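The values are calculated or read from the model by the stated rules, or taken from the named source; none is laboratory data. Source: prediction; values computed, not measured. Neighbour counts are summed over all protein chains in view; Cβ atoms, including those assigned to glycine, are modelled from backbone coordinates with ideal geometry.
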Amino acid sequence: MKPPTVNSSTPDDPHRSRASARTRGLAFRLAVSLAVALAASLASAPAHAQVSLTTVVELAQQNSPAVRLADADVAKARAQLAQSRDAFIPSLSFGSGLPAFPEIGFTGSLPSIWGATVQSMVFSMPQLRYVQAARAGFKTAQLNQAAARDQVALDASEAYIELDTVNAELDASRQQEDYAAKLIEIEQQRTEAGVDPLAQLLQAELTAAQLKLKRLHLETRAATLAEQLAALTGLPLHSVTPDHSSIPEIPAVSGDTAPRSTPALDAADMLAASRARVAKGDQERVWFPQIAFGLIYDRNTTALNSINQYYKHFIPANNLSSGFNINLPLLDFEVRAKARESAAEALRARVEAEQARKQNDIQITELNGTLRELDAQAEVASLKSQLAAEQLKTVLAQMEFGNGQSNTPGALPQTTPAAEQSARIDERQKYIDSLDAQLDLSKARLNLLHALGLMQNWLNELHTK
């Protein structure tokens, strides 16, 4: 009998235990490394999460250069208003005139160590007009800011709604291509069997090629809209997937509705009012006096000079003077010319404001007529889509229950598989046409809302979605 051999892989072997521990440690580190690499790859992958219309509009307004420029104009107008009002607030300034070397002889100026000056406007009708003009300018900047935000919201909403529509059309277009591929397969079999002529197969291939071209066109539109949304919002490219449920219903407005004043039109009117007040102030500068107040204090010294040798009495250390300065223009051709220039600018601003309102009225009339036509086209396209869906149901029913060989009265004729695929392609095409018509209608309604000054009401509804 052979003696029993010792198994080197028994758990009691310390060398084997250490080797197993090292193996488990290496496997654990490898698993951790793979997990970290997988997490990094997932983190670097582009996200395609759904983003609501409200988020897109808010990001576009924050990222828009036009809105940021309008914000800068508001800050500038606020500073100009404060500057015009501060003319009536006393200003205080300090100065020092210490000599670098001891003075010798009569210098002609008082040896002031330091001095203070207080100045302010007391009465000026032109300055009051300028304050009013600056206040109107500040309001103009705020209205232009609101107009810029409305325009950006309109652009972002149109791009978002169109991308949502194009994505739905792309899904339907891909379904059409699948049906066209099945149609080619059916016609190829029927052509090889001698049932259908070659022209039927060529027609099916032509249909597939046309559908491919339409899909490529839709993909180009989707890529362009994705690029536009990325530029508007500042988000990475192709990171915005529209959420259809976040789009509120666009009200069926009419151009016959009494138009409200838009921020852009109000800004034009306010700018004209500001220019008119500036012109009034420049005109009043020709006739109205201006009264200013001034106070001067000087602290003099004789430590580094011999100024007292030249005066009968010693110069006092403290010197204070104050008074009112009244300026009454008698003959100033420069001021008169400036007044005429300001009057011409005010007239131009008023004419431009009136022209803007007339152009807006014309736009409302054109949009109203276009909207009626698009509404009718959308209704026609919707009915065609519904009719195509019902016809498809009929074809499917004939495929299932029809029997051309039956002599039973009222029996449905048997429909070929090629006719089924053609009906499916036609139903999807009518559905795409309906989506296109609805998109045109939605964009026209948004533009009419913007022209009527009702855009903000629809934006407020976005925040409730």
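Mind checking which residues of the range 173-200 are among the small types (Gly, Ala, Ser) and either in contact (Cβ under 8 Å) with a residue 40 or more places away in the chain or not in a helix (DSSP H, G or I) (or both)? Ser173, Ala180, Ala193, Gly194, listed by residue number.
Of all residues assigned to the range 361-382, none qualifies as being at pLDDT 90 or above, under 30 Å from Lys182 (Cα atoms) and touching a Lys or Arg at 6+ places or on another chain (Cβ under 7 Å). If you filter the range 143-155 down to residues that are among the aliphatic types (A, V, I, L, M) and crowded, with 21+ Cβ neighbours inside 10 Å, you find that the one that is farthest from Ala272 (Cα to Cα) is Ala153. All told, Ala100 falls short of being hydrophobic (A, V, I, L, M, F, W, C) and assigned to a helix (DSSP H, G or I). Regarding Glu158, is this residue touching a Leu at 6+ places or on another chain (Cβ under 8 Å) and surrounded by fewer than 20 Cβ atoms within 10 Å (Cβ to Cβ)? In short, yes. Applying a threshold of 7 Å to beta carbon distances and a minimum spacing of six or more residues, or different chains, the list of pairs starting in the range 431-449 at a residue that is touching a residue at least 24 places away in the same chain (Cβ under 8 Å) and ending at one that is among the charged types (D, E, K, R) and surrounded by 20 or more Cβ atoms within 10 Å (Cβ to Cβ) reads Ile432/Glu169; Leu435/Glu169; Leu439/Glu162. Would it be correct to say that Ala344 is surrounded by fewer than 17 Cβ atoms within 10 Å (Cβ to Cβ), part of a helix (DSSP H, G or I) and without any contact (Cβ under 8 Å) to a residue 12 or more places away in the chain? Criteria met by Ala344.
Taken as a whole, the range 327-349 holds at least one residue that is of a type in the set (S, T, N, Q), closer than 30 Å to Met125 by Cβ and in contact with a helix residue (DSSP H, G or I) (Cβ under 9 Å, 6 or more places away or on another chain). Give Gln132, Gln62 a once-over and let me know the one that is crowded, with 16+ Cβ neighbours inside 10 Å and either at pLDDT 95 or above or more than 30 Å from Pro289 (Cβ to Cβ) (or both). None of the other options fit; the residue is Gln132. Among the residues of the range 65-106, the ones that are β-branched (Val, Ile, Thr) and exposed (fewer than 11 other Cβ atoms within 10 Å of the Cβ) come to 2 in all. For the range 288-309, taking the residues that are assigned to a loop (DSSP other than H, G, I, E, B), out of contact with any strand residue (DSSP E or B) (no Cβ under 7 Å at 6 or more places or on another chain) and touching a residue at least 24 places away in the same chain (Cβ under 8 Å), the one that is nearest to Leu328 (Cα to Cα) is identified as Phe288. Collect the residues in the range 442-463 that are closer than 15 Å to Ser246 by Cβ, out of contact with any Pro (no Cβ under 8 Å at 6 or more places or on another chain) and not small (Gly, Ala, Ser), keeping them in residue-number order. Across the range 442-463, the qualifying residues are Leu459, Asn460, His463. The set of residues in the range 351-404 that are surrounded by fewer than 12 Cβ atoms within 10 Å (Cβ to Cβ) and either touching a Pro at 6+ places or on another chain (Cβ under 7 Å) or among the aromatic types (Phe, Trp, Tyr) (or both) comprises Phe401, Gly404.
Summed over the range 201-250, residues that are surrounded by 14 or more Cβ atoms within 10 Å (Cβ to Cβ) and outside any helix (DSSP H, G or I) total 10. Figure legend. Inter-residue proximity from the range 113-126: first residues not hydrophobic (A, V, I, L, M, F, W, C), second residues not in a strand (DSSP E or B), beta-carbon distance below 6 Å, spacing 6+ or different chains. Indicated pairs: Ser120/Pro90; Pro126/Gly281; Pro126/Glu284; Pro126/Arg285.
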